[in-house]
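What follows is a single structure, written as structure tokens, with notes after it.
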Amino acid sequence: SARSFDPGVPVAYVASGSVYTDALSGAPVAAKTGGPMLLVTASAIPDPIAAELTRLKPRQIVVLGGPASVGAGVEARLRDLAGAGGVARWQGADRFEASASISRNSFAAGVDTAYVASGRVFADALSGAPVAGRDRNPLLLADTDRIPDAIATELRRLRPGRIVVLGGPASIRSEEHTSELQSRSVI
């Protein structure tokens, strides 16, 4: 972050450094908006992260994920580090709803591509997040053998030109997903 961002960034994103799902969906958003992604624990802001947020002086801080990932105490402390835009939290009842919330808060309908990766096996999402960010498109998380309702709803809202499923059949069963997406009129 210190080598890539000058003070006064419009937004800084904060996610759990222990549970990667929210950071994976948030990485393309950070790339799209030109903001850093900083990692905290559920109960603390590590000193180097607090120092970086102090240096950055972000107008707004967006917490990605629910209080089980980034606790309410951390959110309260972030308020002292945010500028006039304060602190927002994009969350859901689970990792899939949080992924849909992050997308909904960041992408308008009509995106070129929606990338879908496993929310259980992270290697494909880790590899795909930079591509999604470069292309300014969302990365949504699916379960191994189903498209969660929140993700199907978000894909319908996004109306992507195409959906790219990342990963092989061990991490995401693409035939089942493709069939399910088609049956839900997402493709």
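So V186 clears everything in (1) modelled with pLDDT of 95 or more; (2) open to solvent by less than 20 Å² (accessible area, probe 1.4 Å); (3) touching a Lys or Arg at 6+ places or on another chain (Cβ under 6 Å) except one condition, right? Which one?
With respect to (1) modelled with pLDDT of 95 or more; (2) open to solvent by less than 20 Å² (accessible area, probe 1.4 Å); (3) touching a Lys or Arg at 6+ places or on another chain (Cβ under 6 Å), V186 is out only on (1).
If you take the residues of segment 144-174 that are of a type in the set (D, E, K, R) and either modelled with pLDDT under 95 or not in a helix (DSSP H, G or I) (or both), which of them is most open to solvent (accessible area, probe 1.4 Å)?
R159
I'm told Y20 meets every condition in (1) open to solvent by less than 50 Å² (accessible area, probe 1.4 Å); (2) among the aromatic types (F, W, Y); (3) under 19 Å from P67 (Cβ atoms) except one. Can you identify the failing condition by its number?
Tallying (1) open to solvent by less than 50 Å² (accessible area, probe 1.4 Å); (2) among the aromatic types (F, W, Y); (3) under 19 Å from P67 (Cβ atoms), Y20 fails exactly one: (1).
What are the residues in segment 114-143 that are part of a strand (DSSP E or B) and open to solvent by less than 10 Å² (accessible area, probe 1.4 Å), if any?
A114, V116, A117, S118, L139, L140, L141, A142
Of I45, I61, which residue is of a type in the set (V, I, T) and either loosely packed, with under 14 Cβ neighbours inside 10 Å or farther than 16 Å from W90 by Cβ (or both)?
Result of the check over I45, I61: I45.
Out of all the residues in segment 81-96, is one or more within 13 Å of L38 (Cα to Cα) and out of contact with any helix residue (DSSP H, G or I) (no Cβ under 7 Å at 6 or more places or on another chain)?
No, segment 81-96 has no match at all.
Determine which member of the set A42, A88, A82, A50 is out of contact with any strand residue (DSSP E or B) (no Cβ under 8 Å at 6 or more places or on another chain) and touching a residue at least 12 places away in the same chain (Cβ under 8 Å).
The conditions single out A50.
How do the pairs read when you match residues in segment 62-76 that are charged (D, E, K, R) with residues anywhere that are open to solvent by 10 Å² or more (accessible area, probe 1.4 Å), using Cβ under 9 Å and keeping only pairs 6 or more apart or on different chains?
Sorted first by the residue in segment 62-76, then by its partner, the pairs are E75/P67; E75/V87; E75/R89.
The values are calculated or read from the model by the stated rules, or taken from the named source; none is laboratory data. Bear in mind the structure is a predicted one, so any value in this text is a computation, not a measurement. As a convention, Cβ positions derive from the backbone with ideal geometry for all residues, glycine included, and neighbour counts pool all protein chains shown. Each accessible area value is taken on the protein alone, full model and side chains, heavy atoms only, with ligands, DNA and RNA left out. Shrake-Rupley method; radii C 1.70, N 1.55, O 1.52, S 1.80 Å.
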